[in-house]
Every structure is written in C-alpha cells, then in structure tokens.
1. With just the Cα atoms defining each centre, how far is the range 56-97 from the range 292-348? Give it in Å.
2. For PHE186, PHE107, PHE36, which order do you get if you count the other beta carbons within 10 Å of each Cβ and list the fewest first?
3. Give a quick list of GluC sites (Glu not before Pro) in the range 43-83 that DSSP marks as loop, anything other than H, G, I, E or B, with at most 10 other Cβ atoms within 10 Å.
4. Would you mind classifying the range 255-370 by shape? Square roots of the alpha carbon gyration tensor eigenvalues, ordered a ≥ b ≥ c; an a/c under 1.5 is rounded, otherwise it is prolate if a/b is larger than b/c and oblate if not.
5. Could you please rank LEU351, LEU168, placing first whichever residue has the fewest other Cβ atoms within 10 Å of its Cβ?
6. Between GLN70 and PHE107, what length in nm is gained on full extension when 0.36 nm per residue of separation is reduced by their alpha carbon distance?
7. Only counting other Cβ atoms within 10 Å, I'd like SER195, SER303 sorted with the fewest neighbours first.
8. If each residue of separation counts as 0.36 nm, what is the full-extension length gain between PHE49 and VAL131 once their alpha-carbon separation is subtracted?
Amino acid sequence: MKHKIAIAILGSLVLLSACGDQLPTDIPDPYGYQGFLDRGWAKYEDEIFSNEQGTGALDYFKDAIDCNVQGIEGFVGAGWSALFVSDEWRIADNYFYMAIQLDAGAFPMMNPAESQVQDTTWTVFECIDPVLPDSVLEVIAALGETWYDWPEPGDTTLIDKVAIGAYLHGSNPFQNYGPDYGDRDFSYRFQPLASDPMAMFTAANGFSASISVVDSIIGGWIYITTPLAVMDIGGDNYYVWINADDQMNYEYRTFTATGSETQYTYDALAGIVMLQDIRGENGDPLLGAAAAWGLDQLNSDYSFGSGRDYAGLETISNVQLKGTAAAIAYANQAFMYAWFTCTSEGYGDYLDPDDPGFVVQLMAVIEEMLNS
C-alpha cells in the first residue's frame with residue numbers, strides 16, 4: 001500500500017513539473033482583511049459614481065467579515081453597500097447592528113411598547129394647555145371617592161368620569177360651575193416608563209380608541225395633542241381626551257449612548273436612517289427617526305467616514321439626516337413630529353399648523369433640508 005501511494009505522489013510531481021511553464025504567474029497574494037476593505041471601498045466608489053450599483057462592493061465586505069468577524073469597518077461597509085442592493089435590505093440592519101455593538105459595546109436603541117394608566121391626580125399625564133385651575137384639579141383628584149363637595153357650596157355629587165367631563169365642558173348639571181372649554185382639544189405631556197425617548201408618533205386611548213399625535217419630545221417628556229371624543233354610554237356622555245383611569249398605549253424608540261462610540265457608530269447610525277427610509281412601509285420609521293436624533297446627539301457636525309480611509313465617499317450632513325427623519329415621519333402622517341424635527345435644525349419655524357396649507361408647506365421645508 002505504501003509503495004502504491006509513493007508512486008502516486010511521484011507521478012503527480014512529475015505531472016506538475018512537466019506543465020510548470022503553463023501555470024499562471026499572476027496569482028495574487030491573499031487579500032486579507034485590509035485588502036478586502038480597500039477593494040470594497042474602491043468598488044463602492046466605482047459603483048456609486050458610475051450609478052451601476054451591484055454586489056461587487058458588498059461581496060468584498062462580506063469577504064472582509066469572513067476574514068475578521070471582529071472587524072467593525074467590514075460591517076459598516078457591508079451595511080452601506082447593502083443599501084444599493086434591494087435583496088439585501090433585510091440583512092443590512094444586522095450589519096449596522098453588529099458595527100455599533102462591536103464599536104460601542106451595546107446597541108443604543110430599544111423599541112418599547114408600553115401602557116400607562118392615567119393617574120387620578122394628573123401628575124403623570126399633565127394637562128398643559130389650557131392650564132387647569134386648582135378647582136378642576138381638585139375635582140379630578142377626587143375620582144374614586146364616594147362624595148365630593150363641588151365648588152358651589154352645599155352641592156355634593158357623586159364623582160365619576162361623566163361628572164368630570166361635564167364639569168370641564170360646562171354641561172348639565174354643572175353648567176354654572178365648569179370652566180366650559182367647549183369642544184377644544186387638550187395638550188398634555190407625560191414621561192414613558194423607559195428612559196431617553198427619542199421617537200414616537202402617536203398614543204392611543206384604550207377607552208375611547210382616540211389617537212393622540214405627538215407634538216415634540218423634550219427633556220424626556222412626550223408632548224401630545226389629544227382630540228376630544230364624546231362617547232354615549234348608557235345615556236351618559238363621556239368627554240374623553242386622556243382621562244383619569246384611562247389606559248394609554250404607545251410605541252416609541254429610545255437612544256442611550258454608551259460613551260464609547262466612534263466614527264464607525266456614527267456611520268452605522270447614518271446608514272440606519274437611510275435604510276429605514278428606502279425600505280418604506282417595510283422599514284421601521286421610529287428606528288430611523290431615533291437614529292437621526294441619536295447621531296445628532298453624539299456628533300452635531302457629522303460627516304461620512306471622517307478620519308477614515310473611506311471619508312468623503314458619501315456627502316451627507318446632520319441636516320440632511322434630520323430631513324430624512326422628518327420625511328419618514330411625514331410619510332407616516334406624523335406631521336407634527338416631522339415639523340418638530342425640522343425646527344430642531346432651524347427649518348420651518350415660521351409654519352403655522354392651523355394654516356390649511358401647513359402640510360404642503362411642511363413638505364417644502366423637508367425638501368429644502370434634504371437638498372441642503
């Protein structure tokens with residue numbers, strides 16, 4: 001057996017030596033991780049500027065990842081390359097996630113879906129417009145008690161949601177006592193259970209099913225405008241915005257920086273914004289908006305690839321990314337949040353949401369940001 005194996009090996013060597021002059025002489029050295037990165041970015045530049053996007057750059061970055069699964073830049077390049085290959089959009093999220101996880105040590109965004117019950121004292125959900133007088137707050141605080149002495153001396157009445165709504169609207173039997181706010185909407189603010197809310201479009205009243213739009217998110221507070229909903233239940237009119245003991249349901253995105261972020265995280269966040277935009281209805285609009293706000297929080301003077309070998313391959317700024325976030329919100333009919341996003345960069349301050357042309361004017365402002 002050993003003799004036969006030796007003969008076979010010898011025969012192979014003879015065969016190779018006989019055709020040695022026919023072997024290719026230009027076999028390249030293995031590229032290695034950095035080599036694949038260099039070729040990936042070079043191909044990326046070719047594909048972008050020739051407007052002939054394909055999988056060339058993406059394939060190189062995938063090879064780089066295979067060489068070094070701890071290499072952050074490989075995931076950044078793969079994510080950005082995948083933006084131009086629709087079949088890869090679903091996996092692009094994972095590339096950006098891994099880049100940030102490796103660079104910052106944790107992914108900064110979470111996607112809570114929460115419910116909160118309106119407290120009877122209105123200290124969690126604060127009514128800010130109009131500012132309710134103490135007499136109203138005392139009435140609301142009494143919900144759950146059996147009897148309450150109304151502002152009119154000697155008038156004691158069972159307190160419930162019907163009574164509170166009637167009192168606020170000056171309806172019978174309290175037309176002489178209530179502030180009579182009529183059919184106006186109310187503005188509230190509240191804080192979610194989780195920290196650092198960054199993007200939220202709407203909240204739903206679990207009792208009336210009415211939808212409240214988010215006006216802004218400032219200092220951890222969510223500011224919302226809640227429409228009046230009048231519900232006839234058993235002959236009683238329930239006036240509902242966010243009311244005592246009602247359950248509010250909502251979904252939002254948070255952003256919590258670790259303090260270890262570098263340019264790789266910045267570029268990955270910018271990629272997440274762009275990805276959620278181009279994915280349209282299949283994307284996560286709240287994630288895209290949160291990524292734009294989070295990046296602005298980390299680096300208000302962002303530029304693609306700053307300090308890296310691939311710097312300048314994309315020309316994109318915080319204003320354009322915020323404009324993209326506003327466009328995402330606009331596409332989801334979250335017009336007030338879109339306007340808030342624009343004004344955070346100094347655009348559209350002059351708009352009036354009560355103007356019949358507000359939505360059209362808002363779109364013009366967003367286009368101005370995208371083209372800045």
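Any read-out appearing in this document is the output of simple, stated calculations on the displayed coordinates, not a laboratory observation. Please read all numbers here as calculations on a predicted model, not as lab measurements. Using ideal geometry, Cβ is built from the backbone for each residue, glycine included, and neighbour counts are taken over all protein chains shown.
1. Taking the Cα centre of each part, the range 56-97 and the range 292-348 sit 22 Å apart.
2. Placing the least packed residue first, the sequence is PHE107, PHE186, PHE36.
3. GLU52
4. Note, shape of the range 255-370 comes out prolate.
5. The most exposed by this proxy come first: LEU351, LEU168.
6. So the extension gain works out to 11.8 nm.
7. If I rank by nearby Cβ atoms, fewest first, I get SER195, SER303.
8. The PHE49-VAL131 span can extend by a further 23.9 nm.
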